[in-house]
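**Q** Got a structure for you, written out below as structure tokens; questions coming shortly.
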Amino acid sequence: MNLILLGAPGAGKGTQAEKICEKLSIPAISTGNIIREALANGTEMGLKAKEYINAGKLVPDEVVIGIIKERLAEDDCKNGFILDGFPRTIPQAQALDEMGIVIDRVIDIEVADETVVKRMSGRRVCSKCGASYHLEFKKPINDGVCDSCGAELIQRKDDHPDTVLDRLKVYHEQTEPLKDYYEKTGKLKVVEGQEEVKETTALVFEALEN
């Protein structure tokens, strides 16, 4: 089964991709991860991406699409895959179609913006060991201090409320139109994200089966 996961930053796509991966034994492919892999492996597209990254520029669509194409050609994708973070735009979705990649199901995980801001802005990470915490859902024993190593907990720039709101704005403008794009194909299933991860997972599997 070839799947695409849609959803705003902080909607929990990565966690759900892992759950589907475990159940269906197909690889979960995150755009960020495969770009890093392509860079590390020195593939043709990875070297092209490196030129843009070193220049402080965004990696253009044609390079990202090339990296996706390289990854989907690998043996572990023969029985299916989960795309998380791609496509992000209508042109990327069209490029996927032009590659002859048949998508069986698109799962859109819906979470309200205010919930996303609350989830992401409450995150804290250890400045030393990288352990993750949340001010509401996973508090450290002592405020601002890592349970594991005692180092200071910090808020990443990506998790600052202003940054989260900016990312949501980009998502609504560029990625959300994909819902209409895939709804027209009859492949879109919308799942309402729940407070409990396992409840969202149950709805995702239900959407995959129906």
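The values are calculated or read from the model by the stated rules, or taken from the named source; none is laboratory data. Keep in mind that what you see is a predicted model, and the values were worked out from it rather than measured. Note that each Cβ is placed from the backbone with ideal geometry, even for glycine, and that neighbours are counted across all protein chains shown. Calculation scope for accessible area: heavy atoms of the full protein, side chains included, ligands and nucleic acids excluded. Shrake-Rupley method; radii C 1.70, N 1.55, O 1.52, S 1.80 Å.
**Q** How large is the charge dipole for the chain, taken about the Cα centre, if only the Cβ atoms of Lys, Arg (+1) and Asp, Glu (-1) carry charge, to the nearest 20 debye?
**A** Numbers: 28 positive and 37 negative charges, 94 e Å.
The dipole magnitude comes to about 460 debye.
**Q** In the stretch 143-210, which trypsin sites (Lys or Arg not before Pro) fall in coil by DSSP and have 10 or fewer other Cβ atoms within 10 Å?
**A** Values: sites: R156, K157, R167, K169, K179, K184, K187, K189, K198; in loops: R156, K184, K187.
Answer in residue order: K184.
**Q** Hey, another quick one. Hey, what did the stretch 1-89 get for relative contact order, percent, Cα under 8 Å, at least 6 apart? Let's see the in-between values first.
**A** Working: 93 pairs, mean separation 43.0, N = 89.
Relative contact order here is 48 percent.
**Q** Could you pull out every residue, at least 5 positions away or on a different chain, whose amide H is within less than 5 Å of the one on D108? Hs are placed 1.01 Å off N in the peptide plane, and Pro or chain starts have none.
**A** Long-range HN contacts for D108: L6, K189, V190, V191.
**Q** Using a 1.4 Å probe over the heavy atoms of the protein chains, calculate the carbon and sulfur portion of the accessible area of the stretch 117-191 as a whole percent. The partial results should precede the final answer.
**A** On the way: 2350 of 4860 Å².
On the stretch 117-191, the fraction of accessible area on carbon and sulfur atoms equals 48 percent.
**Q** Just to confirm, what accessible area per residue do you get for the stretch 1-111 at 1.4 Å probe, in whole Å²?
**A** 49
**Q** Give me the aspartates and glutamates in straight-line cross-link reach of K138: C-alpha distance below 16 Å, same-chain residues under 8 apart excluded.
**A** Correct list for K138: D147, E152, D159, E195, E196.
**Q** On to the next question. Which GluC sites (Glu not before Pro) in the stretch 125-203 pass both tests, a DSSP loop state and at most 10 other beta-carbon atoms within 10 Å?
**A** On the way: sites: E136, E152, E173, E183, E192, E195, E196, E199; in loops: E136, E195, E196.
Within the stretch 125-203, the qualifying GluC sites (Glu not before Pro) (loop, at most 10 other Cβ atoms within 10 Å) are E136, E195, E196.
**Q** A follow-up question, please. Pull out a ≥ b ≥ c, the square roots of the eigenvalues of the alpha-carbon gyration tensor of the stretch 79-121, then state rounded if a/c is under 1.5, prolate if not and a/b is larger than b/c, and oblate in the remaining case. List each step's numbers first, then the result.
**A** Working: a/c = 3.26, a/b = 2.20, b/c = 1.48.
It is prolate, given that a/c is not under 1.5 and a/b is the larger ratio.
**Q** Another question, then. Read phi for every residue in the stretch 151-158 and hand back ³J(HN,Hα) as whole Hz from Karplus 6.51 cos²θ - 1.76 cosθ + 1.60, θ = phi - 60°, with x for Gly and Pro.
**A** Listing the rounded values in order: 7, 5, 8, 10, 9, 5, 4, 4 Hz.
**Q** In addition: Sequence neighbours fewer than 8 away in the same chain don't count; with that in mind, list the aspartates and glutamates whose C-alpha is under 13 Å from K187.
**A** Leaving aside aspartates and glutamates fewer than 8 places away in the same chain, those within reach of K187 are D104, D108, E209.
**Q** Continuing with the same structure: So what is the relative contact order for the chain, in percent, with contacts set as C-alpha pairs under 8 Å and at least six apart?
**A** Values: 285 pairs, mean separation 56.2, N = 210.
Reported relative contact order: 27 percent.
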